[in-house]
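Accompanying notes for the structure given below.
The values are calculated or read from the model by the stated rules, or taken from the named source; none is laboratory data. Remember, predicted model here, so these are calculated numbers, not experimental data. A quick note on method: Cβ atoms are made from the backbone with ideal geometry, for glycine too, and the neighbour counts reach across all protein chains shown.
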Amino acid sequence: MSNISDPKPEKKGERMDSDHNNLKSYTPGPKHKFEGWPILWILIAIFLISAVLWYTGTASYLIKWIANK
C-alpha cells in the first residue's frame, strides 16, 4: 500500500499496470469529402426545369413531342 508521505508503493506488484501512456487514443481519420456534388446539381437542375415545364403546362406538349420521335 502507498503511504501518504511516500505515494510510491513498496512493491512493484501492488501498483496497477500503468500502460495508459502507451495507449493510442482514438483519432478518426480525415473525413472523405462528398464527391457527388456535380450529380446533385444536375439532378436539381433537371427537377427545376421539369417543375417549370409542369407549372406552365408545356410538359404535356413536350411528352407528346418525345413520344412522336
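List the residue pairs whose Cβ atoms are under 6 Å apart, where the first residue sits in region 27-43 and is on the phi > 0 side of the Ramachandran plot, the second is basic (Lys, Arg), and the two are 6 or more positions apart or on different chains.
none
Which condition number in (1) part of a helix (DSSP H, G or I); (2) modelled with pLDDT under 85 is the one that Tyr26 fails?
(1)
Consider region 37-69. How many of its residues are surrounded by 10 or more Cβ atoms within 10 Å (Cβ to Cβ) and outside any helix (DSSP H, G or I)?
Residues meeting the conditions: 1.
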